[in-house]
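One structure is given here, and the rest of the page talks about it.
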Amino acid sequence: MAHRIADELVNKLVEAGVERMYGVVGDSLNPVTDALRLNGKLKFIHMRHEETGAFAAGAEAQLSGKLAACAGSCGPGNLHLINGLFDAHRSNAPVLAIASHIPTSEIGTGFFQATHPEILFQECSHYCELISSPKQFERVLHIAMQSAIGKGGVSVIALPGDVAGMEFAADGSARSIIGHRPSIRPCPKELAQLAEMMNAAKKVALFCGIGCAGAHDEVVALAEKLKSPLGHSYRGKAFVAYDNPFDVGMSGLLGFGAAYQAMHECDLLLLLGTDFPYDKFMPTKPKIAQVDVRVENLGRRCKLDLALWGDVGETIRALMPMVDTKSDRSFLDAMLGKHKEALRRLNVYVDHVGKRTPMHPEHVAAALSEVASDDAIFTVDTGMCNVWSSRYIRATKDRRMIGSFTHGSMANALPQAIGAQFCYPGRQVVAMSGDGGLAMLMGDMLTMMQYNLPIKLIVFNNSVLGMVKLEMEVAGLPDYQTDLKNPNFAKVAEAMGMMGVRIENPADVSSGLKRALEQSGPALIDVVTDANAVSLPSHIEAEQVVGFGLTMGKLVLAGHIDEVVDTIEANIRHVA
Ligand SMILES: Cc1cc2nc3c(=O)[nH]c(=O)nc-3n(C[C@H](O)[C@H](O)[C@H](O)COP(=O)(O)OP(=O)(O)OC[C@H]3O[C@@H](n4cnc5c(N)ncnc54)[C@H](O)[C@@H]3O)c2cc1C
Ligand SMILES: Cc1ncc(C[n+]2csc(CCOP(=O)(O)OP(=O)(O)O)c2C)c(N)n1
């Protein structure tokens, strides 16, 4: 049989280290899936929805750092990929999507299932092109893979079924694909300027994002030298918040601890590998310096006194010899003290309120953190699970946590867990799902079953679209269309052939979670939680009440965090 474009596509993906292609088979994609079948090295993972395929590929790419792939058939098939691709792209995850396409002879005629994938996917990709002739194929595929890996994000190839089935003829020029991005060091002049600013400042604070991945020790050593409190973004937590005596928590509406205070009360703030989007939480008084590998991200969220275009680890290593060791710990100790007190207050929910029925989700998340393994991978649905996971899941050296952190889509946790478990078959993978989020794409519980993936799917079953209900209430709107009439999810899981555990009583949380985590197959844990559980932002001021989550802020604007916690504590004392 002739060596087709589809066969060469598979060869090239295998060469680039791609191990799986997630998607749903069909019509114009048949030459590609047939080529996968014949090749045998790259596995097609049969999902129940293309969106979940794109989420799974995005998760795999985020966790492994390597190129991952997904595919959809022409028209509606590849259109279903789009939300997952937006998420992957905005998470800087290198993903190649094959959007198979109607026959070339039919393009432009309003043919059955006609869309224009080369236009549709422009906004969620670095590179998106139609291959209308076999002669284009080699170079377009090369550019697509290189762009996804090098720029970090999505590339899309629109590949008509007839072109995929045509004979491949090499264009005679071999092309090697870059595997890794280079390390960038800022200019000596800027490094010297930063050292000077650090040496002159009395109170330095660090705020660290996911760009600190792989530079934990450098970042902590810098904090030690400067006696700096070190806050983190949600995406940064997994990489800096463990083994770190300088940790002061997270900023933002879901924030906790003293990160916000440290960032506002310092006289020099250093932003390291973060594109933290909530500009209203950024200070204006201190001097600010920022280190980022993406030059376009420098200064796009706050005022900037010094921009350093560089890699976090590389920058700190170059900087260390130029920085004086500070001896005054007073700012650091004050922030650590505030942080400790803030954590004590957060635990009020776990230790006291959480033990009541209806169950408080904080209690569930804290118990999960205790029983999950030290190298567990957590995937987190958009909604209130973001609050519970960012605050109560303890970071360790090897734990990872991914969500739809930048795109903010619901229903991401289950499909991301599928990608994570395929990528790391030996690790514990725990999905933290909202009941609304799970129901949105729950067909892929069947994928868990079909591939016997030992994912532990925890449903925070509060019978409501909780985050939106909260938003409506604090905006002074009556809550509307947020109620969910749910089944017993544990029974649904059992009907699908997997273990189902239902937890309604706080006393059963740890044992129920343990039982599910310890068994070797897929499991769903349906935890019935309080629909009215409320999150308390770490810091709120009137002018910060903007954008997406601000309504949660309003909630405490009236009552204020401290007042609410004080009331709870008074009640506890009263009961005691
Ligand atoms: C419902 C909801 C609520 C949320 N609330 C909060 C909240 O309260 N607080 C919060 O923090 N987040 C929150 N998030 C997440 C938030 O939207 C952002 O995704 C997150 O804050 C971004 O974290 P980051 O800056 O670490 O990552 P990114 O936005 O991905 O930025 C990372 C930056 O690091 C750079 N970089 C990468 N590698 C390197 C390197 N080696 N060296 C230097 N630079 C590098 C990148 O170019 C990029 O600019 C929430 C998300 C959801 C869904
Ligand atoms: C695809 C999508 N649709 C709608 C939204 C808006 N939204 C954000 S959170 C949320 C509610 C999530 O409810 P649930 O999954 O039940 O979790 P809970 O907040 O109750 O924990 C909604 C509707 C979104 N972010 N993504």
Points 7 angstrom from Cα along the Cβ direction at ASP217 and LYS43: gap in nanometres? 3.4
Whole-Hz couplings from phi, Karplus 6.51/-1.76/1.60, listed for the range 67-80; x for Gly and Pro: 5, 10, 9, 8, 8, x, 6, 5, x, x, x, 7, 4, 5
Efficiency of FRET between ILE177 and LYS355 - r from beta-carbon atoms, R0 56 angstrom, step 0.05: 0.55
Cut-off under 5 Å, modelled amide H: who pairs with MET401 long-range: PHE378
Which trypsin sites (Lys or Arg not before Pro) does the range 342-409 hold that lie in a coil by DSSP with at most 15 other beta carbons within 10 Å? ARG356, ARG394, LYS397
In debye, nearest 20, what is the charge dipole magnitude of the chain about its Cα centre with +1 on Lys and Arg Cβ and -1 on Asp and Glu Cβ, if you could check? 880
Projected label distance in nm at VAL295 and LEU484, using a 7 Å step from Cα toward the beta-carbon: 4.5
Over the chain, with neighbouring protein chains present, the accessible area per residue in Å² at probe 1.4 Å is 40
Less than 12 Å Cβ to Cβ from ILE107, Lys/Arg counted +1 and Asp/Glu -1: what total charge do the surrounding residues give? -3
3J(HN,Hα) from dihedral phi, the range 122-139, Karplus parametrisation 6.51/-1.76/1.60, rounded to Hz, x for glycine, proline: 4, 6, 10, 8, 7, 8, 8, 9, 8, 9, 9, 9, x, 5, 7, 3, 4, 6
Lys/Arg Cβ at +1, Asp/Glu Cβ at -1, dipole of the range 105-213 taken about the Cα centre: which of LEU120, SER183, MET145 is farthest positive-ward? SER183
Ignoring ligands, DNA and RNA, what percent of the 1.4 Å accessible area of the chain is carbon and sulfur? 53
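Determine the alpha carbon to alpha carbon distance for each of LYS203/LYS237; LYS355/LYS485; LYS66/LYS469 and list only those over 31 Å.
Working: LYS203/LYS237 22 Å; LYS355/LYS485 25 Å; LYS66/LYS469 38 Å.
Check vs 31 Å cut-off fails for LYS66/LYS469.
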The farthest towards the positive end of the charge dipole of the chain, of the residues ALA54, ALA289, HIS407, given +1 on Cβ of Lys and Arg and -1 on Cβ of Asp and Glu, is ALA289
The helix 361-371 Cα axis meets the longest alpha-carbon principal axis of the chain at an angle in degrees, between 0 and 90 and rounded to 10, of 80
Quick one: how many Å² of GLU265 are accessible to a 1.4 Å probe, rounded to 10? 80
Which ³J(HN,Hα) values, rounded to whole Hz and listed in residue order, are derived for the range 412-425 from phi using the Karplus coefficients 6.51, -1.76 and 1.60 in 6.51 cos²θ - 1.76 cosθ + 1.60 with θ = phi - 60°, glycine and proline given as x? 7, 5, 4, x, 5, 5, 5, x, 5, 6, 5, 6, 10, x
Given the Cα-Cα distance of LYS397 and LEU304 and 0.36 nm per residue of separation, how much length would full extension add, in nm? 30.3 nm
Mind putting a number on the dipole of the range 295-337 about its Cα centre? Charges go on the C-beta only, +1 for Lys and Arg and -1 for Asp and Glu, and I need it in Debye to the nearest 20. 140
Size of charge dipole - the range 320-415 - debye, nearest 20, with Cβ of Lys, Arg +1 and Asp, Glu -1, no other charges: 240
Ignoring ligands, DNA and RNA, how do THR379, THR109 rank by accessible area with a 1.4 Å probe, largest first? THR109, THR379
5 angstrom amide H check on ARG502, placed H, neighbours 5+ away: ASP526
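The values are calculated or read from the model by the stated rules, or taken from the named source; none is laboratory data. Not measured: the values here are computed from a predicted model. Cβ coordinates were reconstructed from backbone atoms using ideal geometry, including for glycine residues, and neighbour counts include every protein chain displayed. Heads up: the accessible areas ignore ligands, DNA and RNA and are worked out on the full protein's heavy atoms, side chains in. Shrake-Rupley method; radii C 1.70, N 1.55, O 1.52, S 1.80 Å.
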